[in-house]
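A short write-up of the structure that comes next.
The values are calculated or read from the model by the stated rules, or taken from the named source; none is laboratory data. Quantities reported herein were computed from a predicted structural model and do not represent experimental measurements. Glycine also receives a Cβ, built like all others from the backbone with ideal geometry; neighbour counts cover every protein chain displayed.
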Amino acid sequence: MTTVVLADDEALLRKALAALLPLEGEITVLAEAADGEAATEATLRHRPDVLVIDLEMPHMDGLAAITAIRRALPHQIILMLTRHARPGVLRKALKLGVQGFVSKSAEPAHITSVIKTLHEGKRWIDPDVSALAVVDDCPLTDREIDVLRATGEGYSAADIATQLHLAEGTVRNYLSNAMRKTQTRTRHEAARYARDHDWLA
């Protein structure tokens, strides 16, 4: 028997999975959660074999919830559900140790099969999710990403130069290039644009 916590803010989908997964195989749903905070609390309390969690949820999204869960349960098996995998999201999830990635449109029988696969210690990324997510559409260099990440954290160009051991003029050149590539007017707009496109992972 495989125990599961289900976390999804779409009540209809969550309730359907809670009802259907046990019918598809030896699965027991220990708890349901409608947001990231509840998902974190339920996982830490019940310690399921597999956490099935939606990527986009209120009050802490899936990635933020997983980050919190990982601190307390570093070996928790996690299956992430998503409607669309933007470039960068899969990479973030993999860095957090997510073992499975499945489209929310998948049949319950397929989700059940993937849960069992993960419980056996294997990994699974749906081909359609992988094809979308591994496309690297980021035009920024590693250094441009570094300076935009620091900008987003509130550091000045001088602070960034000190932090990255670069000349301040070099930092300004990286910021200028990043603004040109993102077609933004300020470094803060460029940082927001890069963050929104998951390029700062």
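Some observations on this one:
- Some residue of region 188-196 being aliphatic (A, V, I, L, M) and under 20 Å from the mean Cα position of the chain (by Cα): yes
Let's see how each residue does on (1) more than 27 Å from GLU56 (Cα to Cα); (2) assigned by TED's automatic domain parsing to the domain that holds ALA64; (3) not aliphatic (A, V, I, L, M):
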| site | (1), (2), (3) |
| --- | --- |
| THR151 | no, no, yes |
| GLY154 | no, no, yes |
| ILE160 | yes, no, no |
| LEU166 | yes, no, no |
| TYR174 | yes, no, yes |
| ARG180 | yes, no, yes |
| GLU189 | no, no, yes |
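- The residue of region 77-107 that is modelled with the highest pLDDT, among those that are basic (Lys, Arg) and part of a loop (DSSP other than H, G, I, E, B), is LYS104.
- Subset of region 157-201 that is assigned to a loop (DSSP other than H, G, I, E, B) and in contact (Cβ under 8 Å) with a residue 24 or more places away in the chain - its residue that is surrounded by the most Cβ atoms within 10 Å (Cβ to Cβ): TRP199
- Check on ALA39, in a helix (DSSP H, G or I), under 17 Å from the mean Cα position of the chain (by Cα) and closer than 29 Å to LEU140 by Cβ: no
- The lone exception for GLY154 - which of (1) surrounded by fewer than 16 Cβ atoms within 10 Å (Cβ to Cβ); (2) free of Cβ contacts under 8 Å to residues at least 24 places away in the same chain; (3) under 25 Å from the mean Cα position of the chain (by Cα); (4) in a helix (DSSP H, G or I) it fails: (4)
- Entry remark, region 13-34: residues being outside any strand (DSSP E or B), out of contact with any Ser or Thr (no Cβ under 7 Å at 6 or more places or on another chain) and buried (at least 19 other Cβ atoms within 10 Å of the Cβ) number 2 in total.
- Qualifying residue in region 44-62 (condition: assigned to a helix (DSSP H, G or I) and in contact (Cβ under 8 Å) with a residue 40 or more places away in the chain): yes
- Every residue from region 11-26 that is touching a Lys or Arg at 6+ places or on another chain (Cβ under 8 Å) and either farther than 14 Å from SER113 by Cβ or at pLDDT 90 or above (or both): LEU13
- Check on THR117, hydroxyl-bearing (Ser, Thr, Tyr) and either free of Cβ contacts under 8 Å to residues at least 24 places away in the same chain or surrounded by fewer than 16 Cβ atoms within 10 Å (Cβ to Cβ) (or both): yes
- For ARG143, the stated conditions hold: it is free of Cβ contacts under 8 Å to residues at least 40 places away in the same chain, among the basic types (Lys, Arg) and either surrounded by 14 or more Cβ atoms within 10 Å (Cβ to Cβ) or not in a helix (DSSP H, G or I) (or both).
- So SER103, is it under 18 Å from ALA7 (Cα atoms) and touching a strand residue (DSSP E or B) at 6+ places or on another chain (Cβ under 8 Å): yes
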